[in-house]
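Asks: My questions will all concern the structure given below.
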Ligand code: NAD
């Protein structure tokens, strides 16, 4: 048994390949020492993470460019800046969120007092994906630290530069007794999942989500699964189609479409289908320019496996705009497809790339039936002026989030829970919801003896 996790880390470096059991044992020593429970420690860690993000911005942006071709403005906004906002919001409210919540006591027990106390869980595992490799490793870390836990972070091996940087920087800025990074792919993650954690927070695809949940079940460890799937967009006939197309394009082609809450496909009602086409073509042009390949803010596909998967979908409809691609550069132009059949391959699973199919539907009933026939989406978007359409979508469909008028934006509202339902995941986080996720709501009842 190591006496401190820092000592353990030194031993591990000497020993070579990471020993998952030893890392987790080290974090448990850190948690059991009680250090993570103190509010000052939590705020101190968040402040150190803030320093990391501000001092190392250039290195982080360079890693994101190297992994995903992310331009600096987009990378700052969606990764570094996003995490800073989440962190600042948490620091501002943490003390208030941690206050015990008084609970009413039935008359029969009086005099007595009852309250709910937010207790740290222990050692948390955060498994992150490659598409927002910084944000999706660090935003859960913010919540886990704020709630008073020791944390093991496993970044995605498919974003190797960002993973390596996280592994190098976190131990330099944060308390190595209570925060560890384990890099690696299936083998290393499998070894980690054999250990007992007090919570596992996984972001990625549903197939691996099932593996994570099965591994967690062995130790009765609770999980949060932030998964994906197809997020539909309903476009009503009454919507301003120029505004709709501009906002759709911005949400869809962010990170070259590799966003878990990207608009996946459009259900265009009645006349909106044909009318939307020229607006989408114009919006893509305004966003990405004459040659998106030469636009420094337009991203690349993460690897050739995903590139090949995506280019195979480009023939699944009539090309409204885009279609160009270059395998050597892993570039796929922002593409809009019309006249897409619901049976086409592009409609069978999450696209996760810069291809936007438009499917005509006769009316709102058909759009709602189309959505409800499929897995519950992570996000459902709609462009409409009709209060009745908004009400019906709210009451008659189920999704992780429902957003009118601005796809992807809900993610950046820290007072909203972020998470899925059904196939799009379980549990949620961000802001106060992260505290709920990474802590136990302990019931305390105090009845005087007199
Ligand atoms: P990925 O391939 O990076 O995998 C995610 C993590 O799982 C990685 O850390 C990886 O090492 C680990 N992993 C992979 N195979 C494993 C195995 N067999 N056993 C244990 N761990 C394993 O990322 P991905 O899954 O391709 O991510 C894309 C998916 O994630 C999409 O479906 C997307 O919608 C979803 N996503 C969801 C959110 C959200 O917040 N809800 C955010 C981003 C991405």
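Asks: Just checking: which of the helices (runs of 4 or more DSSP H) contained wholly in region 47-134 hold 1 or more residues that are under 23 Å from residue 438 (Cα atoms)?
Replies: Numbers: elements: 57-68, 72-75, 81-98.
Here the list reads 81-98.
Asks: Is it the case that some residue within region 133-144 is surrounded by 24 or more Cβ atoms within 10 Å (Cβ to Cβ), more than 10 Å from the ligand (Cβ to nearest atom) and within 16 Å of residue 18 (Cα to Cα)? Talk me through it step by step, then tell me what you get.
Replies: Filtering region 133-144 for residues surrounded by 24 or more Cβ atoms within 10 Å (Cβ to Cβ) gives 133-134, 136-144.
Still in the running and more than 10 Å from the ligand (Cβ to nearest atom): 134, 138, 141-144.
Next, from what is left, pick out any that are within 16 Å of residue 18 (Cα to Cα): none.
Taking every residue of region 133-144 in turn, none turns out to be surrounded by 24 or more Cβ atoms within 10 Å (Cβ to Cβ), more than 10 Å from the ligand (Cβ to nearest atom) and within 16 Å of residue 18 (Cα to Cα).
Asks: Applying the selection to region 260-291, what residues are more than 24 Å from residue 339 (Cα to Cα) and crowded, with 17+ Cβ neighbours inside 10 Å? If you could, list the steps in order and put the result at the bottom.
Replies: Kept after step one, since they are more than 24 Å from residue 339 (Cα to Cα), are these residues of region 260-291: 260, 289-291.
Result: 260, single match.
Rundown of residues vs (1) closer than 21 Å to residue 135 by Cα; (2) in contact (Cβ under 8 Å) with a residue 12 or more places away in the chain; (3) within 12 Å of the ligand (Cβ to nearest atom), yes/no style:
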residue: 376; (1), (2), (3): no, yes, no
residue: 385; (1), (2), (3): no, yes, no
residue: 417; (1), (2), (3): yes, yes, yes
residue: 420; (1), (2), (3): yes, yes, yes
residue: 432; (1), (2), (3): yes, yes, no
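Asks: Taking the options 353, 405, 317, 323, name whichever one is touching a strand residue (DSSP E or B) at 6+ places or on another chain (Cβ under 7 Å) and within 16 Å of the ligand (Cβ to nearest atom). Break it down stepwise before answering.
Replies: Values: 405 fails: within 16 Å of the ligand (Cβ to nearest atom); 317 fails: within 16 Å of the ligand (Cβ to nearest atom); 323 fails: within 16 Å of the ligand (Cβ to nearest atom).
One residue alone meets the criteria, 353.
Asks: Please specify each residue of region 321-338 satisfying the condition of being in contact with a helix residue (DSSP H, G or I) (Cβ under 9 Å, 6 or more places away or on another chain) and at positive phi. Full working, then the answer.
Replies: Filtering region 321-338 for residues in contact with a helix residue (DSSP H, G or I) (Cβ under 9 Å, 6 or more places away or on another chain) gives 321-322, 324-327, 329-338.
Residues satisfying the conditions are 322, 330.
Asks: Next question, about the same structure. Restricting to region 254-272, what's the tally of residues that are touching a residue at least 40 places away in the same chain (Cβ under 8 Å) and outside any helix (DSSP H, G or I)?
Replies: 13
Asks: On the basis of being part of a strand (DSSP E or B), in contact with a helix residue (DSSP H, G or I) (Cβ under 7 Å, 6 or more places away or on another chain) and surrounded by fewer than 23 Cβ atoms within 10 Å (Cβ to Cβ), does residue 402 make the cut? If you could, list the steps in order and put the result at the bottom.
Replies: Numbers: part of a strand (DSSP E or B): yes; in contact with a helix residue (DSSP H, G or I) (Cβ under 7 Å, 6 or more places away or on another chain): yes; surrounded by fewer than 23 Cβ atoms within 10 Å (Cβ to Cβ): yes.
When the stated conditions are applied, residue 402 passes them.
Asks: So in region 36-64, with the set limited to residues that are closer than 14 Å to residue 169 by Cα and free of Cβ contacts under 8 Å to residues at least 12 places away in the same chain, which one is surrounded by the most Cβ atoms within 10 Å (Cβ to Cβ)?
Replies: Out of the qualifying residues, it is 55.
Asks: Hey, can you tell me all the residues within region 253-271 that are away from the ligand (no atom under 13 Å from the Cβ) and over 17 Å from residue 364 (Cβ atoms)? Show your work before the answer.
Replies: Keep residues of region 253-271 that are away from the ligand (no atom under 13 Å from the Cβ), which gives 253, 256, 265-271.
Correct list: 253, 256.
Asks: Does residue 96 fit the bill of being free of Cβ contacts under 8 Å to residues at least 40 places away in the same chain and more than 18 Å from the chain's Cα centre (by Cα)? Outline the logic, then answer.
Replies: Working: free of Cβ contacts under 8 Å to residues at least 40 places away in the same chain: yes; more than 18 Å from the chain's Cα centre (by Cα): yes.
Yes; evaluated as a whole, the condition is true for this residue.
The rows are residues; the columns are (1) in contact with a helix residue (DSSP H, G or I) (Cβ under 9 Å, 6 or more places away or on another chain); (2) closer than 29 Å to residue 23 by Cα; (3) within 16 Å of the ligand (Cβ to nearest atom).
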{"site": "93", "(1), (2), (3)": "yes, no, no"}
{"site": "98", "(1), (2), (3)": "yes, yes, no"}
{"site": "102", "(1), (2), (3)": "no, no, no"}
{"site": "148", "(1), (2), (3)": "yes, yes, no"}
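Read the figures in this text as sums done on the coordinates, not as results from a lab. No experiment lies behind these values; they were computed from the predicted model shown. A quick note on method: Cβ atoms are made from the backbone with ideal geometry, for glycine too, and the neighbour counts reach across all protein chains shown.
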